[in-house]
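The values are calculated or read from the model by the stated rules, or taken from the named source; none is laboratory data. The structure displayed is predicted, hence computed values, not measured ones. Here the Cβ positions follow ideal geometry from the backbone for every residue, glycine too, while neighbour counts run over all protein chains shown.
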């Protein structure tokens, strides 16, 4: 059986709320603002990290010297555009970093100098003596007290008390959260503000290594290390650069030989007795080496991290973001992630002679004073499905409410000589028998049926006029969040298996797994089981991602390739994971995977685009170089560029402009729709492969049309 | 039947025969390289050379074994040539000059078989048979051994072991090359190829001149020359010589032999990695490139515009009348697509665009289907690079057959890809830069440059065919081309084995729909495209100044 998911349940995929950074991708102001930073990056010691662009810079320097010695419109324009190429590349990085810096500044405001009230010799219940110390001097293990209106001086765990805390400084969420000692909501973050009550906190951070410090370093890109795929891509780009360097440099003796063989041909700007001129040689090299991807590579990486931060996820390393794209298996907790977190009434099954309405009435009456979510849901369901007005406990004057007790495992009401009880099947059946009633076998069938479908049966019994009987069964059911099935389908389309982890028995787990559409489940799971499961998956070469918040999740979070800790969780969990979700939304994991994939796709797409571009540039430059020697080569000038000089200059200008044109794409990431690898590849191949072949033919031709009128060319 | 129809029948029948044979031969090679048992002869050999055939080698040991074996081979071959007047069956020839001997030794050990000498007038029977013919077998076997070790890198998990070089070498020689070569030799003898030990005949020609006709074990060497993609002919005229290749159908047999192992190894690869479809994909990439190349060569030869070609309906200069244009073009394409380098026509006389295709065939790195073994590992390297770029585009760390292509893997693959273009371009640049080295050139203009480019392309890619037109028998060319052959052979081998080592260590990632499928037409197209684009980009300036300058009007 399957009950449809509740329509009014909050939709799982929340659109990301841009909180700190402005969403504008490339406003001119940002570009202009980043210009000084881009120029500062021209320092060769900085450029050294990007070998492709370093080559361009060296070429620009050389071209400038050559142009200064032999001034002409052509040589000056080439030199200028080569410098612009380098500056544009730096601009891409500077813009990406600039967005992070804006966020870092907001965070720094939160990290004000606070004074901590350190407790000396604190023991639970002991008398307190305290001293004031600057927050920066707090050591790991120090105990501090924080009261309403004060700023928490450092990261730590609440060890006494409960308080509401304003964490907007780090999460951007203005609604206060509850932090209390013990349990999984004990972690507090330095820089956040206690709004009410008083808590005692054990500091867990080392001086200068607070969560906010880590966040600042991350968003500023200071702590950014190249990820394995980025390193690999850099190697490939360097190899391509070397090949093209060899191809252009070795061309020189060939060109000299060819020129010498045609003594009648006049020298041109491109070719004289010494072979291809330096300026043209550099132009050819710069056009061929993969400058487009070389220029945008680090911006793509920074922007990828930034996209995570925008979604309020902090990745402790870029490696983790990349691993998220590679994940094969997602471990998702059932409660709170897949289901709404509490069971809800979904059917009333009368037993014996009872009618539906009688049962609904009794169920509602017995639940009126039951403030648990399950109890509330029974009242709500009775109203929705049977039109029973919600009565308030107060309007039934004679009612005596029986609260739930662990011994009886029942709750209910005594009303005008009528006793109603609801609770676990065995408890209510026992209660009915004790009052001389007979429990019909039909009850057993109904209870078993509900259990088999993964639901929880609650039996309602009645003693009325000395007659005890079972009225029927309430079917409580885990309600799967809306939209989860689609999300899991997307995951499956990407080749990712979703595993539901639950403490439920296998039968219940199986039913919910089927309803939610996950691929598999781990029932009656203890923390060790999770750990064992992760290890088993990893043994088979799979990468596993999971979320967790409790201290007992910590080992599994550390073992998983992508461990996302909830910000509400314990510090142990936050330390063990390699990402923290400030919104504490377990479904965020799915978005994280998508961001990881998008990061890799953007790199691959722009690499393909960059290489594909070279074809057109050859068709522009090679005929321009040698057409005077071998007029037949004019057949290769398929763009019909107006002159050799304008052809070379157009290629150089296109090469520089394409960097600027692609900065928004690099920062935003290429469009990503979850689908199979095959489909993704087809789409990206057409767009960036084929597009990369065609675009420069058009672009170079257009630029040529414009610049052919430049005086001096 | 018109000559064009005959040509089409010739080409299509070859392709069909290869398609039919590649499955059983590939399966057979799979069994050879995965068999547990050693036969008595093999056990004897292992005992003599002191090798434990059960011991596995990690990549560095495997590489050292390849290098040690090849070094000893070079030394022995060099010694044979230098001392040939003191050995048997020298036919009275003098010792081979030192730079020629070095060049020849390296040439045969690297499976290049570039011949800076004229075989029948330089070397006696002993050097030809026990020196050169032996290398024809073992240099091919080395290529197969390295390819198999590389494939093991994909097939195995969490291990350092890549197999045992000595076992792979012995089995490739004794169980694969020898039996097929014997069969091939018998077929060729039946077709009229000579096989004797007679002393040279001195005959008076029709015009009254004197000519010495040398016999020899030609058929046996011919078979392994083609089968092992060696290419070193018994006679200087190579497969254009009527004693080596008398008829159109021996021509068919020879082309078949030089393609058959390289086209079958992808099947072996598919079996070894346990996914036949991966083997089909690799063979499909090879086939697409080969068919495009054969078509382009033939088209350039048949449809060339020029006074003489138009008068005789095709560019027939430099081709043997008994083969005709199409069969010659097919041979030329096949020999440059593999690392064979034997010729049945004069490549230098090809139309400039036809010649450009032959050059491009080698510049591809000889992967379609390439030399025995080297073709497979070269193609797999291209597949690895393609997987890297394509893999990123599907949003995962790129993986090929479950093995991740990370920084170390891409470093080795990129270096592999760098080696031969760098050798070709730098070698040609040096040769063109100095008046002294340019003195070897007999032609000037773009064609003269094409000849130099061809020589370095052929040597660096271990092909061995020549455009001729340059005096290569000089200390510079012998040494430089010898170095190109040695680096062009052994640097890639070391890189391939290192890559195999790091792949074998990994535990494979299980396949899912999120994995880039590497067996679909989509991927096949990508490998073809990436290969063509990368190679075209690398060599475009050089080609523009050579064959394109000459050929585009």
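See the values below:
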| read-out | value |
| --- | --- |
| Condition check for residue B:157: over 17 Å from residue B:238 (Cα atoms), at pLDDT 95 or above and either more than 17 Å from the chain's Cα centre (by Cα) or in a helix (DSSP H, G or I) (or both) | no |
| Residue list for region B:496-506, restricted to those being in a helix (DSSP H, G or I) and surrounded by fewer than 23 Cβ atoms within 10 Å (Cβ to Cβ) | B:498, B:502, B:505 |
| Leading residue by the ranking (farthest from residue B:507 (Cα to Cα)) among those in region B:400-414 that are in a helix (DSSP H, G or I) and within 8 Å of another protein chain (Cβ to nearest Cβ) | B:414 |
| Test: residue in region A:579-600 that is free of Cβ contacts under 8 Å to residues at least 60 places away in the same chain and either within 13 Å of the chain's Cα centre (by Cα) or not in a helix (DSSP H, G or I) (or both) | yes |
| Region B:324-372, residues that are within 18 Å of residue B:287 (Cβ to Cβ) and part of a loop (DSSP other than H, G, I, E, B) | B:338, B:339, B:340, B:364, B:365, B:366, B:367, B:368, B:369, B:370, B:371, B:372 |
| Close pairs from region A:214-234: first away from chain B (no Cβ under 13 Å) and at pLDDT 70 or above, partner surrounded by fewer than 22 Cβ atoms within 10 Å (Cβ to Cβ) and assigned to a loop (DSSP other than H, G, I, E, B), Cβ under 6 Å, at least 6 apart | A:217/A:223 |
| Yes/no for residue A:327 being on the phi < 0 side of the Ramachandran plot and assigned by the TED database to the domain that holds residue A:525 | yes |
| Residue identified as free of Cβ contacts under 8 Å to residues at least 24 places away in the same chain and either facing chain B (nearest Cβ under 9 Å) or within 20 Å of the chain's Cα centre (by Cα) (or both) among A:681, A:685 | A:681 |
| Sole residue being touching a helix residue (DSSP H, G or I) at 6+ places or on another chain (Cβ under 9 Å), more than 29 Å from residue B:283 (Cβ to Cβ) and surrounded by 24 or more Cβ atoms within 10 Å (Cβ to Cβ), chosen from B:216, B:233, B:228 | B:216 |
| Condition met for residue A:146 (touching a strand residue (DSSP E or B) at 6+ places or on another chain (Cβ under 8 Å), over 22 Å from residue A:565 (Cβ atoms) and surrounded by 16 or more Cβ atoms within 10 Å (Cβ to Cβ)) | yes |
| Tally of residues being in contact with a helix residue (DSSP H, G or I) (Cβ under 9 Å, 6 or more places away or on another chain) and either surrounded by 12 or more Cβ atoms within 10 Å (Cβ to Cβ) or without any contact (Cβ under 8 Å) to a residue 12 or more places away in the chain (or both) across region A:263-273 | 7 |
| Test result for residue B:393, out of contact with any strand residue (DSSP E or B) (no Cβ under 8 Å at 6 or more places or on another chain), buried (at least 24 other Cβ atoms within 10 Å of the Cβ), within 13 Å of chain A (Cβ to nearest Cβ) and more than 22 Å from residue B:271 (Cβ to Cβ) | yes |
| Any hit, region A:592-605, residues being away from chain B (no Cβ under 14 Å), modelled with pLDDT under 90, more than 30 Å from residue A:288 (Cβ to Cβ) and surrounded by fewer than 24 Cβ atoms within 10 Å (Cβ to Cβ) | no |
| Enumerated strands (runs of 3 or more DSSP E) restricted to region A:493-571, each holding at least 1 residues that are under 30 Å from residue A:190 (Cα atoms) and modelled with pLDDT of 90 or more | A:544-548, A:562-566 |
| Qualifying positions in region B:512-524 - in a helix (DSSP H, G or I) and either more than 9 Å from chain A (Cβ to nearest Cβ) or touching a residue at least 24 places away in the same chain (Cβ under 8 Å) (or both) | B:521, B:523, B:524 |
| Residue match in region B:424-434 (condition: surrounded by fewer than 24 Cβ atoms within 10 Å (Cβ to Cβ), more than 9 Å from every other protein chain (Cβ to nearest Cβ), farther than 28 Å from residue B:527 by Cα and out of contact with any helix residue (DSSP H, G or I) (no Cβ under 7 Å at 6 or more places or on another chain)) | no |
| Any chance residue A:473 is within 14 Å of chain B (Cβ to nearest Cβ) and crowded, with 24+ Cβ neighbours inside 10 Å | no |
| Residue that is farthest from residue A:488 (Cα to Cα) [pool: residues in region A:349-372 that are touching a strand residue (DSSP E or B) at 6+ places or on another chain (Cβ under 9 Å), in a loop (DSSP other than H, G, I, E, B) and without any contact (Cβ under 8 Å) to a residue 60 or more places away in the chain] | A:353 |
| Flag for residue B:509 being away from every other protein chain (no Cβ under 12 Å) and either surrounded by 20 or more Cβ atoms within 10 Å (Cβ to Cβ) or touching a helix residue (DSSP H, G or I) at 6+ places or on another chain (Cβ under 9 Å) (or both) | no |
| Boolean, residue A:390 is over 22 Å from residue A:469 (Cα atoms) and surrounded by fewer than 16 Cβ atoms within 10 Å (Cβ to Cβ) | yes |
| Single match in B:488, B:482, B:464, B:391 (criterion: in contact (Cβ under 8 Å) with a residue 60 or more places away in the chain and in a loop (DSSP other than H, G, I, E, B)) | B:464 |
| Hey, residue A:684 buried (at least 23 other Cβ atoms within 10 Å of the Cβ), touching a helix residue (DSSP H, G or I) at 6+ places or on another chain (Cβ under 6 Å) and more than 24 Å from residue A:78 (Cβ to Cβ) or not | yes |
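Results for (1) over 26 Å from residue A:480 (Cβ atoms); (2) free of Cβ contacts under 8 Å to residues at least 40 places away in the same chain; (3) touching a strand residue (DSSP E or B) at 6+ places or on another chain (Cβ under 6 Å); (4) surrounded by fewer than 23 Cβ atoms within 10 Å (Cβ to Cβ), shown as yes or no for each residue.
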residue: A:412; (1), (2), (3), (4): yes, no, yes, no
residue: A:416; (1), (2), (3), (4): yes, yes, no, yes
residue: A:420; (1), (2), (3), (4): yes, no, yes, no
residue: A:429; (1), (2), (3), (4): yes, no, no, yes
residue: A:440; (1), (2), (3), (4): yes, no, no, yes
residue: A:446; (1), (2), (3), (4): no, no, yes, yes
residue: A:451; (1), (2), (3), (4): no, no, no, yes
residue: A:456; (1), (2), (3), (4): no, no, yes, yes
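Here is a yes/no grid of residues against (1) in a loop (DSSP other than H, G, I, E, B); (2) surrounded by fewer than 23 Cβ atoms within 10 Å (Cβ to Cβ); (3) at pLDDT below 90; (4) not assigned by the TED database to the domain that holds residue A:486:
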{"site": "A:628", "(1), (2), (3), (4)": "yes, yes, yes, yes"}
{"site": "A:640", "(1), (2), (3), (4)": "yes, yes, no, yes"}
{"site": "A:654", "(1), (2), (3), (4)": "no, no, no, yes"}
{"site": "A:675", "(1), (2), (3), (4)": "yes, yes, yes, yes"}
